[in-house]
Amino acid sequence: MPRIKVVFFDAGGTLFRPYPSVGAVYARVAQQHGVHVDAEHVDKVFHAKWHERNGLTSLAGLSSEKIEREWWHSLVRDVFGNLAQFQDFEAFFQELYDLFARAECWRLFDDAVPVLKHLTEKGVRLAIISNWDHRLFSIVKQLGLSEYFEQVTASSVVGVAKPAKRIFEEALAGVGITAEQGLHVGDSLEDDYHGATRAGLKAVLLNRQRKAYNDVVRIESLHQLPDHIE
């Protein structure tokens, strides 16, 4: 069996998460613009609108930062469409959009850095494959993760999103290995686990919510990941 040379990680939900939540950040910035909304309700509406659009998969054409901004502008407009009226929505949106490019809106999971450090010390190469826009590179850098990852593959830059095979092929080509030499870990059963296995990689599902799955290689914490590699 070929030795695992590179471990690919998903980003959001695997290495870091919104802090304290998308709805909380939206509500806080809205309040600064004179609009008062319930954070939990905003969070529910956001996730409903997000799933209607199939997340950032709909940005999987060769994108640009302008197109990405327009996509997010439409989403945020829909989220607040029936909740509130802004005196200056454009100013609110710009502040919100810029804010989510900064580390203050994100928190690393406690198990992320210790495991990345351990794998690096063991000589395992690391990379990221994520359905994300151009802001991912800034977030990774600001969270102090750049030293661990030799490559970051973002769907909107590559032009195709997980679970499509081509995004994994692009990432493999970038680090110069075959699929059999790579392992992908992420929190989405379809995008990360099935997407990676169909592309020929080994895969581990990060099951932080401890859901019941059959015939799936899974872990409940990244601390368990080295056992699947070593």
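The values are calculated or read from the model by the stated rules, or taken from the named source; none is laboratory data. What you see is a predicted model; the values in this text were computed from it and never measured. Counting neighbours? That spans all protein chains shown, and the Cβs are built from the backbone with ideal geometry, glycine included. Just so you know, the surface numbers come from the protein's heavy atoms only, side chains and all, with ligands and any DNA or RNA stripped out. Shrake-Rupley method; radii C 1.70, N 1.55, O 1.52, S 1.80 Å.
What the table shows:
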{"quantity": "³J(HN,Hα), Karplus 6.51/-1.76/1.60, whole Hz, each residue of the stretch 10-24, x for Gly, Pro", "calculated": "5, 9, x, x, 10, 9, 8, 9, x, 9, x, 6, 4, x, 5"}
{"quantity": "Nearby lysines by direct alpha-carbon distance to LYS162 (threshold 16 angstrom, same-chain neighbours under 8 apart not counted)", "calculated": "LYS202"}
{"quantity": "HIS73 accessible area, assembled protein chains, probe 1.4 Å, Å²", "calculated": "40 Å²"}
{"quantity": "Computed over the chain: relative contact order in percent, which uses C-alpha pairs under 8 Å that are six or more apart", "calculated": "25 percent"}
{"quantity": "Å² per residue, accessible surface of the stretch 4-58 at 1.4 Å", "calculated": "46 Å²"}
{"quantity": "Amide proton proximity set for ILE128, modelled H, under 5 Å, gap of 5+", "calculated": "PHE9, GLN151, VAL152, THR153"}
{"quantity": "Within the chain, helix-based [θ] at 222 nm, where runs of 4 or more DSSP H residues each add -39,500 (n - 2.57), nearest 500", "calculated": "-11500 deg cm²/dmol"}
{"quantity": "Under 19 Å from the Cα of LYS66 - aspartates and glutamates, other chains or at least 8 residues apart", "calculated": "ASP78, GLU90, GLU95, ASP98, ASP133"}
{"quantity": "Percent antiparallel among DSSP beta bridges (both partners in the chain, rounded to 5)", "calculated": "15 percent"}
{"quantity": "Net charge, SER58 excluded, C-beta distance under 15 Å - Lys, Arg +1, Asp, Glu -1", "calculated": "-2"}
{"quantity": "Rounded to 10°, Cα long-axis angle of helix 65-80 versus longest principal axis of the chain", "calculated": "60 degrees"}
{"quantity": "Accessible solvent surface per residue of the stretch 150-230, calculated while the other protein chains remain in place, 1.4 angstrom probe, Å²", "calculated": "46 Å²"}
{"quantity": "Highest-MSF residue in the chain out of GLY195, GLY23, GLY81 [GNM, Cα springs under 10 Å]", "calculated": "GLY81"}
{"quantity": "Apportionment of accessible area to carbon and sulfur, the chain, percent (1.4 Å)", "calculated": "47 percent"}
{"quantity": "Phi-based couplings in Hz for the stretch 121-138 (Karplus 6.51, -1.76, 1.60; Gly and Pro marked x)", "calculated": "5, 7, x, 7, 7, 10, 8, 10, 10, 9, 7, 7, 9, 4, 5, 4, 5, 5"}
{"quantity": "Inter-centroid distance (Cα atoms) of the stretch 56-98 relative to the stretch 129-203, Å", "calculated": "25 Å"}
